[in-house]
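Chemist: Right, I'll just put the structure down here and ask away after.
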Amino acid sequence: MGIIEFLIFFPFVAAALLYLLGNGEKIYKARKVIVKGSSLVIMASVIYLAVRVLAGNESGSFLTEANIPNYFVMGGELLLMVLVTYYGFHYHKAYAAVLSWIGTIPVLWLDISGYAVEGLPHFRVDNLTVIMCLVVGIVGGFICIYAVGYIKDYHHHHRNFPERSNWFLAMLFVFLGAMFGLLFSDNLGWMYFFWEITSVCSFLLIGYNKLPESINNSFKALWMNLLGGCGFMAAILYANIRLGACNLSQLHLMGSQSSPGLMIVVTLLAFAALTKSAQIPFNGWLLGAMVAPTPTSALLHSATMVKAGVYLLIRIAPLMAGTMTGVMVTLIGGFTFFAASLMAIATSDGKRLLAHSTVSNLGLIVACAGVGHPESVWAATMLIIFHAVSKSLMFLCVGAVENETGSRNIEDMHGLIVKMPRMAFVMIIGICGMYLAPFGMLVAKWAALKSYIDSGSVWLVLFLVFGTASTSFYWGKWLGKIMAVIHKSQALRDTTHIGEWEAIYPLAVLVVMMCMLFPFISSYLIQPVLNQMFDTIVPPVIGGSDIGVMLLMLSLVISIPIAGVVVSRHRSGITDQNTRSYMSGINAGDDRHFLNSYGDVQPLYMSNWYMIDLIGELRILKPCQMIAASILVIFMIIIIGGAI
């Protein structure tokens with residue numbers, strides 16, 4: 001029990017220290033020590049928790065009597081509502097304040113009136129909790145370490161922004177503490193409290209610059225997540241008053257008993273999760289988060305904010321299997337996976353492409369949770385793990401490249417393997433981790449495909465096949481841009497802060513290590529989750545033959561580049577390409593310019609085709625949002641109306 005309390009409260013303590021420390025060059029070393037030390041302590045704590053749970057010494061339910069903590073939770077909910085109300089009226093966005101009132105006041109009334117069900121454990125720890133804590137603690141910790149050097153360089157390049165780096169770093173740790181609270185909570189009321197903290201933190205971090213665009217995007221994130229919070233609130237009220245349930249564990253027991261009205265609660269929770277996981281039509285807030293500093297984007301997209309939504313969906317996945325709610329969730333998720341991958345093809349901004357990719361991969365995870373089969377839950381959990389590490393690595397690399405070159409456009413990364421070889425190398429690892437075998441993302445998609453076929457969902461299979469093809473398109477295009485080399489390309493002076501490398505290198509190593517430890521992750525981390533969730537011994541999703549094929553692919557991935565280097569060293573002329581490139585005229589001799597038909601010197605410029613007029617955001621985003629919103633409304637009316 002002590003480790004649970006520590007993981008929840010320690011990040012808040014670290015946040016308070018960082019905020020009180022203030023800003024300035026003189027306190028930079030002290031700030032670095034606090035951030036790095038706190039992050040390492042959090043990483044060590046989640047690893048300790050994982051060891052304890054895997055050894056069978058820490059799993060179970062805790063904290064049945066929680067009268068005093070309940071008062072703190074109620075006070076925290078009231079404080080969040082006051083904070084949102086202040087910002088809502090200060091920036092003339094009263095709708096945000098109204099949504100906060102709608103979501104908070106009924107929950108406070110439930111606690112005060114005595115209708116809330118009491119006497120049950122508030123915390124639960126199992127293997128799924130451990131997996132998510134490892135994701136939040138390790139990936140989130142590295143993001144915080146990266147943020148120390150990044151935010152210093154950020155303000156060096158953006159002197160027009162106010163210096164509030166102490167506040168920024170503090171919010172990152174508050175985010176981590178809220179996520180730990182959410183993951184450990186079995187009580188719906190407590191989970192809702194931590195859920196709302198993450199919503200408010202994301203609002204504050206996205207609006208960090210206080211520019212008009214940042215403020216508008218932060219409120220977009222706020223109202224969409226508060227709307228989902230209203231759905232969460234309705235689920236809590238209905239579960240407590242009509243079903244006599246206050247915990248997720250109780251809902252699972254009711255599912256085995258076919259309790260009437262249960263699907264209303266499940267549908268409302270699914271709606272809240274869809275908003276938090278940025279599924280179409282609620283993907284706008286995640287795209288708008290790109291205006292924030294890179295650590296915010298990485299934290300929101302990989303380890304915390306969006307993972308809260310898919311975590312809740314995986315928790316209720318067995319309850320959605322074979323139901324209309326499950327069909328709704330899978331349809332929204334599959335549609336999002338395909339539509340977002342198309343929009344990613346038409347995006348040249350690196351961070352925005354990563355945002356579309358995040359929405360797309362979250363859609364695949366959501367669809368897997370909606371199917372509710374053991375294979376699909378296995379795939380969803382595996383996707384969460386690999387996506388968190390690989391995507392956070394990509395975000396941190398893009399942020400470092402932007403600080404170095406002043407651009408995050410993919411076209412400006414042409415020949416990055418020469419300009420910034422170390423950064424290009426780790427970016428290649430991150431890209432490979434997102435879509436190539438034998439990394440877990442592709443293997444998890446194979447498991448998802450199998451579960452879709454078993455469920456008889458032809459349209460889900462089509463979404464997966466075409467969405468995966470689109471995914472390969474934009475990742476392959478980016479990879480080719482990094483590897484393409486212009487003759488006589490010059491290496492840049494790499495000024496990436498050492499603190500940023502301290503986060504980037506471990507994440508790159510972690511991507512490769514997870515690939516090598518794939519069988520261990522499946523057998524000892526994810527397989528017990530399936531056994532616990534479905535209350536039976538689930539057959540292994542991947543067998544010995546599958547592991548053998550994966551090891552063969554891994555050996556090829558490692559051996560082919562090494563063989564290429566060895567051959568290039570022993571054969572002359574391979575690394576020294578003297579042939580001039582063909583252009584639209586006579587090569588000017590430097591391989592960068594040519595003479596046109598008038599004899600004028602023209603610069604060479606090579607660019608990918610992004611098909612903006614065909615599948616760009618302005619072309620398909622609004623129609624996709626309208627289609628998804630219509631699907632969501634129709635299904636929710638059918639589900640709730642039928643249950644009533």
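The values are calculated or read from the model by the stated rules, or taken from the named source; none is laboratory data. What you are looking at is a predicted structure, and each value in this text was computed from that prediction instead of being measured. Cβ atoms come from the backbone with ideal geometry, glycine included; neighbour counts cover every protein chain shown. When the accessible area is computed, the model is the full protein with side chains, heavy atoms only, and any ligands, DNA or RNA have been set aside. Shrake-Rupley method; radii C 1.70, N 1.55, O 1.52, S 1.80 Å.
Chemist: Just to confirm the number: angle between the C-alpha axis of helix 140-157 and the first principal axis of the chain, 0 to 90 degrees, nearest 10?
Modeler: The answer is roughly 50 degrees.
Chemist: What distance in nm separates the two pseudo spin-label positions at K210 and F72, each 7 Å out from Cα along the beta-carbon direction?
Modeler: Each label point lies 7 Å from its Cα, and together they span 3.1 nm.
Chemist: Subtracting the Cα-Cα distance from 0.36 nm times the residue separation, let me have the gained length for F466 to W109 in nm, one decimal.
Modeler: The span from F466 to W109 would gain 123.7 nm if fully extended.
Chemist: If you take the beta carbon distance between I586 and D349 as r and set R0 to 35 Å, what does 1/(1 + (r/R0)^6) give as a FRET efficiency, to the nearest 0.05?
Modeler: 0.50
Chemist: If you fit an axis through the alpha-carbon atoms of helix 262-276 and take the longest principal axis of the Cα set of the chain, what angle between them do you get, 0 to 90°, nearest 10?
Modeler: 30
Chemist: Can you send over the carbon and sulfur percentage of the accessible area for the stretch 414-456, probe radius 1.4 Å, protein chains only?
Modeler: Solvent-exposed carbon and sulfur of the stretch 414-456 make up 74 percent of the total.
Chemist: Follow-up. Under a straight-distance cross-link criterion of Cα-Cα below 16 Å, which aspartates and glutamates are reachable from K210, leaving out those fewer than 8 residues away in the same chain?
Modeler: Straight-line reach from K210, under 16 Å: E163.
Chemist: Continuing with the same structure: Can you give the FRET efficiency for K29 and F161, using 1/(1 + (r/R0)^6), R0 = 22 Å, r = Cβ-Cβ distance, to the nearest 0.05?
Modeler: The calculated FRET efficiency here is 0.45.
Chemist: Before rounding to the nearest 500, sum -39500 (n - 2.57) across all DSSP H runs of length at least 4 in the chain and divide by the residue total; then give [θ] at 222 nm in deg cm²/dmol.
Modeler: Helices in the chain give a 222 nm mean residue ellipticity of -23500 deg cm²/dmol.
Chemist: Could you pull out the pairs from K32/K419; K36/K419; K29/K152 whose alpha carbons sit more than 20 Å apart here?
Modeler: Among K32/K419; K36/K419; K29/K152, the Cα-Cα distance tops 20 Å for K32/K419; K36/K419.
Chemist: Evaluate the distance, in nm, between pseudo-label points positioned 7 Å from the Cα of S630 and of F520 along their respective Cα→Cβ axes.
Modeler: So the label points at S630 and F520 sit 5.1 nm apart.
Chemist: At 0.36 nm per residue, minus the direct Cα-Cα distance, what do V51 and T495 gain on full extension? Give it in nm, one decimal, please.
Modeler: So the chain would gain 156.0 nm between V51 and T495.
Chemist: Roughly speaking, what is the centre-to-centre gap between the stretch 329-360 and the stretch 4-64 when only Cα atoms are used, to the nearest Å?
Modeler: 33
Chemist: Counting trypsin sites (Lys or Arg not before Pro) as exposed when in a DSSP loop with at most 10 other beta carbons within 10 Å, what is the longest stretch of the chain free of them?
Modeler: Of all site-free stretches, the longest is 160-487.
Chemist: Could you point to the label whose value was computed as Cα extents along the principal axes in Å for the structure here, given (1) 86, 60, 56; (2) 94, 58, 48; (3) 85, 58, 48?
Modeler: Looking at Cα extents along the principal axes in Å for this model, the match is (3).
Chemist: Sort E404, E25 from largest to smallest accessible area, using a 1.4 Å probe on the heavy atoms of the protein chains.
Modeler: Order by accessible area, largest first: E25, E404.
Chemist: State in Å² the accessible area per residue of the stretch 16-107; use a 1.4 Å probe, count heavy atoms of protein chains only, and round to the nearest integer.
Modeler: That works out to 57 Å² per residue.
Chemist: Could you tell me the accessible area of W101 in Å² (1.4 Å probe, neighbours in place), rounded to the nearest ten?
Modeler: The value for W101 is about 90 Å².
Chemist: Could you list, in their original order, any pairs among K445/K477; K276/K481; K276/K351; K391/K445; K220/K477; K307/K622 whose Cα atoms are separated by more than 23 Å?
Modeler: Cα-Cα > 23 Å for K276/K481; K220/K477; K307/K622; rest within.
Chemist: If you count only protein heavy atoms and use a 1.4 Å probe, how large is the accessible surface of H90, to the nearest 10 Å²?
Modeler: Near enough 100 Å² of accessible area.
Chemist: Here's another thing I want to ask about it. Accessible area per residue for the stretch 165-308 in Å², computed with a 1.4 Å probe and the full protein assembly in place, what is it?
Modeler: Ligands and nucleic acids excluded, the result is 18 Å² per residue.
Chemist: Arrange the residues F89, F335 by how much accessible surface each exposes, largest first, with a 1.4 angstrom probe.
Modeler: Result of the area sort, largest leading: F89, F335.
Chemist: Please compute the Cα-Cα pair-distance distribution of the stretch 248-365 with 5 Å bins starting at 0, giving whole percents from short to long.
Modeler: 2, 12, 22, 21, 16, 11, 8, 5, 2, 1, 0
Chemist: Next up: Cα axis of helix 165-184 to longest principal axis of the chain: angle in degrees, 0 to 90, nearest 10?
Modeler: Between the helix axis and the principal axis of the chain, the angle is about 50 degrees.
Chemist: In the stretch 119-221, carbon and sulfur make up what percent of the accessible area (probe 1.4 Å)?
Modeler: On the stretch 119-221, the fraction of accessible area on carbon and sulfur atoms equals 57 percent.
Chemist: Moving on to the next point. When a/c reaches 1.5 or more, the comparison of a/b and b/c decides; with that in mind, is the stretch 2-48 rounded, prolate or oblate per its Cα gyration tensor?
Modeler: oblate
Chemist: OK, next. List the aspartates and glutamates whose Cα lies under 12 Å from the Cα of K450, skipping any in the same chain that are fewer than 8 positions away.
Modeler: Once the sequence-local aspartates and glutamates are set aside, what remains near K450 is E375.
Chemist: Relative to 2.2 N^0.38 Å, what does the C-alpha radius of gyration of the stretch 244-315 come to as a ratio? Two decimals please.
Modeler: It is 1.37.
Chemist: Using 7 Å Cα-to-Cβ label points, what is the M483/F425 separation (nm, one decimal)?
Modeler: Inter-label distance under the simple model: 1.7 nm.
Chemist: On to the next question. Can you tell me the FRET efficiency between L120 and L604 if r is taken as the Cβ-Cβ distance and R0 is 60 Å, rounded to the nearest 0.05?
Modeler: According to the calculation, E is roughly 0.30.
Chemist: Same structure again: Checking a compactness column here: for the stretch 1-98, what do you get for Rg(Cα) / (2.2 N^0.38 Å), N being the number of residues?
Modeler: In units of the 2.2 N^0.38 Å rule of thumb, it is 1.48.
Chemist: Enter the per residue convex hull volume of the stretch 141-238, computed from alpha-carbon coordinates, in Å³ rounded to the nearest integer.
Modeler: Value for the stretch 141-238: 84 Å³ per residue.
Chemist: Hey, another quick one. Can you tell me how the stretch 47-197 classifies by the Cα gyration tensor, rounded, prolate or oblate, using a/c under 1.5 as the rounded cut?
Modeler: oblate
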